[in-house]
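The values are calculated or read from the model by the stated rules, or taken from the named source; none is laboratory data. Remember, it's a predicted structure, so these values are computed and weren't measured experimentally. Neighbour counts are summed over all protein chains in view; Cβ atoms, including those assigned to glycine, are modelled from backbone coordinates with ideal geometry. These accessible areas exclude ligands, DNA and RNA; they are computed on the full protein's heavy atoms, side chains included. Shrake-Rupley method; radii C 1.70, N 1.55, O 1.52, S 1.80 Å.
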Amino acid sequence: MADNRLSPGRHFIDGHLVDGPATTLSFAPASGTVLGHFADADETTAQTAIDAARRAFTESDWTRDRELRSRALFQLADEMSTRRAELIDLLARENGKILAEAAFEIDLAIPKLRYYGALALVEGGRAAEVKPGLYSMTLTEPAGIAGVIAPWNSPIVLSVRSFAPALAAGCPVVMKLPGQTGLVNGLLNEIFAATAALPPGVMNSFTESGNAAAPLLVSSPHVEVVSYTGSTQVGRMIMAQAAAQLKTLSLELGGKSPMLVFDDADLDAVVPALTKAVTTFTGQFCMTGSRILAQHGIADELRERMAKSLSAVRVGPGEDPASDMGPMIDRPNAERVDRMVAEAARYASVIERGGLVNPHSDALDAYYRPSLVEVDDTTAPIVQQEVFGPVATFELFDDEHTAVTMANATEYGLAASIWTRDVDRPLRVGRELQAGTVWTNTWAIVHDQFEEGGFKQSGVGRLNGLRALEEFQEIKHLVHAAPRSA
């Protein structure tokens, strides 16, 4: 039975919480039982949201009033702070995150709203007298309607990461949220509804479990910018479909983050950090430390310690404080990851098998224990393909040159990490890595003020920092002749 304490998730369109043309059930990944239900969108829902955003763009002061935009973003942050505990609890129950990770997500999102609330006020252009009596200036203007397509793995912070700079830039937003987190989405929509400073139509958000509404954000001539976070495969499709209109795209896509561990690394610091890199968000994270590259001198000790550490991870319900790692998003994804590891066993050495906690064919839970697979061929599928689960490869290298060559051997380039006591090596090696973020002796540190994004097939454009605002802006060059009077 559905838990009656959970409110049904509704859409937020044109300033109102609304139901959809269909209702879909939400399931707990820890048990497969029903948590509640949410409004499910179709193409008509998306078109209604686009129409509302277009009216807000042409008829409201949102595009010109920086103070209004700043005030709305700060109010959003305040409303999210008020409902922080609810969001954390619901993320743990519906998304499967452990409580600490759910809190981590919300506590990343709230200051991000405030950062862009401040940035809405301070961004500006340039001006100069380029010749006597001839003046030039640049003004930034909102590019138009922003379509945001957010993923289920971290629906709050990854949606905020896109819609907050869009709103700060002056763009009304139409956002598609995933069906896997329909109740969490509904709570976020209630926060939008409680934000009095948001004019009707400026923020529109709907949930879709199918694929009828989201494509309209890409194909509609009335949506000028699309910000998508998700798989590389879908990102390629979006880019192809947007080409007909030369639509501006911001795409953060897949990752296969190499973690380079050199002989002089502090393994007491490495092992717990790499364990978290494999298991945070149950490995359902674009920056998951899915490749451990170990120099030969420390490889035996690191292999043994990582296997022991991963086998000790306590898998349980996200809402249980004793859990180190929650379930995956659903049973089919847990079974998909299990098949990938089973296939890898045919060409690689499985150090820590992990696998389904309940392998029975009638099991409904999505629990999966972390796995570690040793591979000596960088072209192997388990190295080249994004697993999106708590699975890491273990690969050996001799020297810096080999480490860089191996790290760059996939089509992905989102992030990497270097572990060493050598003070110069991180810059020397990091400069050669094809990755948008490179950490030294740490992992998964993101700052709102600094850009984040991928090289190669991990995406185009950047989020966070000043550049995120630019993804949603046009630059207008104004030239004014005002010669001196005779």
Practice item. May I ask you to list pairs of residues, at least six apart or on different chains, whose Cβ atoms are under 9 Å apart, with the first in segment 41-55 being touching a residue at least 12 places away in the same chain (Cβ under 8 Å) and polar (S, T, N, Q) and the second being assigned to a loop (DSSP other than H, G, I, E, B) and open to solvent by less than 10 Å² (accessible area, probe 1.4 Å)? Key: 44/213; 45/213; 47/213; 47/220
Review point. Any idea which of 374, 386, 395, 452 is open to solvent by less than 70 Å² (accessible area, probe 1.4 Å), within 16 Å of the chain's Cα centre (by Cα) and closer than 19 Å to residue 348 by Cα?
Key: 386
Revision key, fill the gap. Filtering segment 464-477 for residues that are open to solvent by less than 70 Å² (accessible area, probe 1.4 Å), farther than 17 Å from residue 224 by Cα and touching a Gly at 6+ places or on another chain (Cβ under 9 Å) leaves a count of 1
Review point. Taking residue 263 and the conditions (1) open to solvent by 10 Å² or more (accessible area, probe 1.4 Å); (2) under 30 Å from residue 52 (Cβ atoms); (3) part of a loop (DSSP other than H, G, I, E, B), which numbered condition does it fall short on, given that it satisfies the others?
Key: (2)
Check your understanding: Which residue pairs have Cβ atoms closer than 8 Å, lie 6 or more positions apart in sequence or on different chains, and pair a first residue in segment 116-134 that is on the phi < 0 side of the Ramachandran plot and among the β-branched types (Val, Ile, Thr) with a second residue that is modelled with pLDDT of 95 or more and open to solvent by less than 50 Å² (accessible area, probe 1.4 Å)?
Key -> 130/136
Review point. Could you list, in sequence order, the residues of segment 305-362 that are within 28 Å of residue 266 (Cβ to Cβ), polar (S, T, N, Q) and without any contact (Cβ under 8 Å) to a residue 40 or more places away in the chain?
Key: 309, 349
Review point. In segment 104-142, what count of residues is obtained for those that are open to solvent by less than 20 Å² (accessible area, probe 1.4 Å) and under 21 Å from residue 180 (Cα atoms)?
Key: 3
Review point. Which helices (runs of 4 or more DSSP H) does segment 1-90 wholly contain that include 2 or more residues that are of a type outside the set (Val, Ile, Thr) and more than 28 Å from residue 103 (Cα to Cα)?
Key: 43-59, 66-82
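Can you name every residue in segment 218-242 that is among the hydrophobic types (A, V, I, L, M, F, W, C) and open to solvent by 60 Å² or more (accessible area, probe 1.4 Å)?
Initial filter on segment 218-242 (among the hydrophobic types (A, V, I, L, M, F, W, C)): 218, 223, 225-226, 234, 237-240, 242.
Within segment 218-242, 237, 239, 240 qualify.
Looking at 288, 275 in this structure, which one is under 30 Å from residue 466 (Cα atoms), open to solvent by less than 30 Å² (accessible area, probe 1.4 Å), of a type in the set (Val, Ile, Thr) and outside any strand (DSSP E or B)? Please lay out each step first, then the result.
Values: 275 fails: under 30 Å from residue 466 (Cα atoms).
Exactly one of 288, 275 is under 30 Å from residue 466 (Cα atoms), open to solvent by less than 30 Å² (accessible area, probe 1.4 Å), of a type in the set (Val, Ile, Thr) and outside any strand (DSSP E or B), namely 288.
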**Study point:** Cβ pairs under 7 Å, 6+ apart, first in segment 288-301 and free of Cβ contacts under 8 Å to residues at least 40 places away in the same chain, second in a loop (DSSP other than H, G, I, E, B)
**Key:** 297/263; 298/263; 298/265
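Hey, does segment 86-105 have a residue that's of a type in the set (S, T, N, Q) and either over 30 Å from residue 280 (Cα atoms) or touching a Leu at 6+ places or on another chain (Cβ under 8 Å) (or both)? So that I can check it myself, show each step before the final result.
Going residue by residue through segment 86-105, those that are of a type in the set (S, T, N, Q) are 95.
If we keep only those that are either over 30 Å from residue 280 (Cα atoms) or touching a Leu at 6+ places or on another chain (Cβ under 8 Å) (or both) too, we end up with none.
No, there is no match, as no residue in segment 86-105 is of a type in the set (S, T, N, Q) and either over 30 Å from residue 280 (Cα atoms) or touching a Leu at 6+ places or on another chain (Cβ under 8 Å) (or both).
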Practice item. Report yes if residue 430 is open to solvent by less than 30 Å² (accessible area, probe 1.4 Å) and under 13 Å from residue 414 (Cβ atoms), otherwise no. Key: no
Study note, to complete from the structure: Of 416, 409, 403, the only residue that is open to solvent by less than 50 Å² (accessible area, probe 1.4 Å), touching a Gly at 6+ places or on another chain (Cβ under 9 Å) and at pLDDT 95 or above is 416
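Name the residue, out of 423, 446, that is without any contact (Cβ under 8 Å) to a residue 24 or more places away in the chain and surrounded by fewer than 21 Cβ atoms within 10 Å (Cβ to Cβ).
Details: 446 fails: without any contact (Cβ under 8 Å) to a residue 24 or more places away in the chain.
Checking each option against the conditions leaves just 423.
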Practice item. Considering each of 332, 327, 359 in turn, give the residue that is closer than 27 Å to residue 35 by Cβ and open to solvent by less than 10 Å² (accessible area, probe 1.4 Å). Key: 327
